[in-house]
Amino acid sequence: MTGAWRKFFVWGLGIVSAAALAAAPALWIALEKDGLHDPANPGIKLLQQPAEALAPLPRDTAGNLVRWVQALDSGAINPRTNILPGTPVRVLDQDIIVSKFGSMPAVKFPHRQHTLWLDCSNCHNGLFKDKIGANKFSMVAILNGEQCGLCHGAVAFPLTECNRCHSVPNASLRRPRAAP
Amino acid sequence: MKALACGLALLLVPLALQAEYGDVVLNRRSDASGVRPVVFPHWFHRIRFRCKVCHQELGFKMRAGANDVQMADILDGKFCGMCHNNTVAWGPDRCDLCHSALPRTPPGIVGGAQTSGPGRW
């Protein structure tokens, strides 16, 4: 291959790969193309695009494609905890294991990850009683947007991610003593 | 032929609306009042505020559709108006920035359980 041809080949390859990259589907849809925002709205140009805000954050495979708790823990974001100066900011570091010995691995509910975002009163005592064993969970209710499904499947990671909640092998838990 | 048309329609449905996960449309009165419906993007807000700020301090109920948000309340500094007051965030005079959805978009949470999520198969 002559020098001129090699140069042509290298440049050609470069242009083709650049075009392929540009044509790669975007992870986040631009607001004016999402079928929700009105592209004719003059204000749309001033709104932040999801790709601009979300691309620098830890990547997920579902929902907003952001690992939101990891984004908090890594310091990638530091959202405000309160607007009013007198509001107590309550974080509880306590894990609860529920749904033991079913057909699925048991569920570990971590209070820390939830209270980093939410206040106790968001769940207690309306959605859930604040007493271990007092709540009866139903996957049907959850899939219908009740209980955990009020947020998971709407704003928090979706219900397709079974193993993120069902994460504790039953074999690792102590079985209740058999009745005599 | 009919089956082909149905198949094509099914293919087109998810393409029509690809809003970001957790986007909420408020349209109890917008269309009737001659303004675009409101898009509330959860992703944008949770980068800046934790859930508890709006869902505890500001008093927004967690169920989409459970909050009767009126413009008069916002102007009085309630709901969105607690921040959207030209101090924390843009003020209520910037209509277009919130009233930004396509006219006649039904209210509810989009991009979440009602669409691609498994809660509404």
> Taking the stretch B:45-70 as the region of interest, how many residues are out of contact with any strand residue (DSSP E or B) (no Cβ under 9 Å at 6 or more places or on another chain) and not in a helix (DSSP H, G or I)?
Replying inline: 9
> How many residues, within the stretch B:71-113, are at the interface with another protein chain (Cβ under 10 Å from one of its Cβ atoms) and assigned to a loop (DSSP other than H, G, I, E, B)?
Replying inline: 12
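Scan the stretch A:148-174 residue by residue and report those that are assigned to a helix (DSSP H, G or I), farther than 15 Å from residue A:61 by Cα, more than 9 Å from chain B (Cβ to nearest Cβ) and not aliphatic (A, V, I, L, M).
Step one: filter the stretch A:148-174 for residues assigned to a helix (DSSP H, G or I), giving A:148-150, A:162-165, A:170-172.
Narrowing the set further to residues that are farther than 15 Å from residue A:61 by Cα leaves A:148-150, A:165, A:170-172.
Restricting the remaining residues to those that are more than 9 Å from chain B (Cβ to nearest Cβ) gives A:148, A:165, A:170-172.
Of everything in the stretch A:148-174, those that are assigned to a helix (DSSP H, G or I), farther than 15 Å from residue A:61 by Cα, more than 9 Å from chain B (Cβ to nearest Cβ) and not aliphatic (A, V, I, L, M) turn out to be A:148, A:165, A:170, A:172.
Residues checked against (1) of a type in the set (A, V, I, L, M, F, W, C); (2) modelled with pLDDT of 95 or more; (3) within 30 Å of residue B:90 (Cα to Cα):
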site	(1), (2), (3)
A:55	yes, yes, yes
A:101	yes, no, no
A:109	yes, yes, no
A:118	yes, yes, yes
A:140	yes, no, no
>> If residue A:103 satisfies all but one of (1) free of Cβ contacts under 8 Å to residues at least 24 places away in the same chain; (2) of a type in the set (S, T, N, Q); (3) touching a Pro at 6+ places or on another chain (Cβ under 9 Å); (4) exposed (fewer than 12 other Cβ atoms within 10 Å of the Cβ), what's the number of the condition it fails?
In response: (3)
> Name the pairs: first residue in the stretch A:29-44 and more than 7 Å from every other protein chain (Cβ to nearest Cβ), second residue outside any helix (DSSP H, G or I) and among the hydrophobic types (A, V, I, L, M, F, W, C), Cβ to Cβ under 6 Å, at least 6 apart or on different chains?
Replying inline: A:31/A:47
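Yes/no matrix, rows are residues, columns are (1) surrounded by fewer than 18 Cβ atoms within 10 Å (Cβ to Cβ); (2) farther than 30 Å from residue A:141 by Cβ; (3) over 15 Å from the mean Cα position of the chain (by Cα); (4) modelled with pLDDT of 95 or more:
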site	(1), (2), (3), (4)
B:33	yes, yes, yes, yes
B:66	yes, no, no, no
B:74	no, yes, yes, yes
B:96	yes, yes, no, yes
B:100	no, yes, no, yes
B:103	yes, yes, no, yes
B:113	no, no, no, no
B:121	yes, no, yes, no
> Hey, any hits in the stretch B:18-30 for a residue that's more than 10 Å from chain A (Cβ to nearest Cβ), assigned to a helix (DSSP H, G or I) and either closer than 21 Å to residue A:42 by Cα or touching a helix residue (DSSP H, G or I) at 6+ places or on another chain (Cβ under 8 Å) (or both)?
Replying inline: yes
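The values are calculated or read from the model by the stated rules, or taken from the named source; none is laboratory data. From a predicted model like this one, the values you see are computed outputs, not experimental measurements. Positions of Cβ are backbone-derived with ideal geometry, glycine not excepted, and every protein chain shown enters the neighbour counts.
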